[in-house]
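Data first, discussion second: the structure below is written as structure tokens.
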Amino acid sequence: NAGVTQTPKFQVLKTGQSMTLQCAQDMNHNSMYWYRQDPGMGLRLIYYSASEGTTDKGEVPNGYNVSRLNKREFSLRLESAAPSQTSVYFCASSEVSGRYGYTFGSGTRLTVV
Amino acid sequence: AQTVTQSQPEMSVQEAETVTLSCTYDTSESDYYLFWYKQPPSRQMILVIRQEAYKQQNATENRFSVNFQKAAKSFSLKISDSQLGDAAMYFCAYRSADSNYQLIWGAGTKLIIKP
């Protein structure tokens, strides 16, 4: 089925460890996004990529880096994980205008101990 | 800056009844898009319904409909014939039609369905 695929679904890291969250979409969307969701809160934008070859900071970019590998793939890297980065992470994609809404992956639950 | 407010942290409704979730937003723009997303316990974010600001007609998707009041900056979601599967967090979101790549999210409303 067409959609957005995120891996892994769950991850536990020790403080200071690094990891990369992978995201791929097969909807031929130009724009891709990484969000985090903390308990009792809505989604906060970490980084986005309006099109292949471009990335921009969102609301909460500190501690993260991203790579838009090609049109399909957009990865999120935590270089040195901190407990404050414990959250659920969502990748999403959309066509450029966003008028039809965003399609989300199923999320990654990350715990940093 | 645009903001989205969902004033009801939690709502409950009897199965088969109708419930309305509230959403208000603040913007100075005239062209934008509004969305309602559903997040069940599985945590998957699911688009329920969307509305384009320049369209006066309220959007409808099966049992889900919106009451879009542009002048009042209100975008409420009505769920008719509530079902147990409707139990979820519901998020209202705003997106500018201009060159702005941010969805602005409300804090969410938890909907409980009573059997």
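For region B:10-58, the list of chymotrypsin sites (Phe, Trp or Tyr not before Pro) that fall in a loop by DSSP and count at most 13 other C-beta atoms within 10 angstrom reads B:TYR54.
For region A:1-91, applying the loop criterion from DSSP together with a ceiling of 16 other beta carbons within 10 Å to the GluC sites (Glu not before Pro) yields A:GLU52, A:GLU59, A:GLU79. Among the trypsin sites (Lys or Arg not before Pro) within region B:51-115, those in coil by DSSP and having at most 14 neighbouring Cβ atoms inside 10 Å are B:LYS55, B:ARG63. Taking the protein assembly as shown as a whole, each Cys residue has some other Cys C-beta under 4.7 Å from its C-beta. For the pairs B:LYS38/B:LYS78; B:LYS73/B:LYS110; A:LYS9/B:LYS114, note any where the Cα-Cα span goes beyond 19 Å. With Cα atoms farther than 19 Å apart: B:LYS73/B:LYS110; A:LYS9/B:LYS114. Across region B:79-86, coupling constants 3J(HN,Hα) worked out from phi with the 6.51/-1.76/1.60 Karplus curve, θ = phi - 60°, read 10, 9, 6, 3, 10, 4, x, 7 Hz, and Gly and Pro carry x. Potential lengthening of the chain between B:GLU10 and B:LEU47 amounts to 11.4 nm, from the contour at 0.36 nm per residue minus the alpha-carbon distance.
Between amide H atoms placed 1.01 Å from N, distances below 5 Å from B:ILE49 occur with B:TRP36, all of them 5 or more places distant or on a separate chain.
Springs join every pair of Cα atoms under 10 Å in this Gaussian network model of chain B, and among B:ALA97, B:ALA71, B:ALA87 the largest mean-square fluctuation is at B:ALA71. Here, P(r) means the percent of Cα pairs in each 10 Å bin from 0 to the largest distance; for chain A it is 15, 51, 29, 5. Once the trypsin sites (Lys or Arg not before Pro) in DSSP loops with at most 11 neighbouring Cβ atoms within 10 Å are cut out of chain A, the longest remaining piece is A:15-113. Relative to its residue count, chain B spans a Cα convex hull of 94 Å³ per residue.
Values in this text are rule-based calculations from the coordinates and carry no lab data. In this text, all values refer to a predicted model and were calculated from it rather than measured experimentally. Using ideal geometry, Cβ is built from the backbone for each residue, glycine included, and neighbour counts are taken over all protein chains shown.
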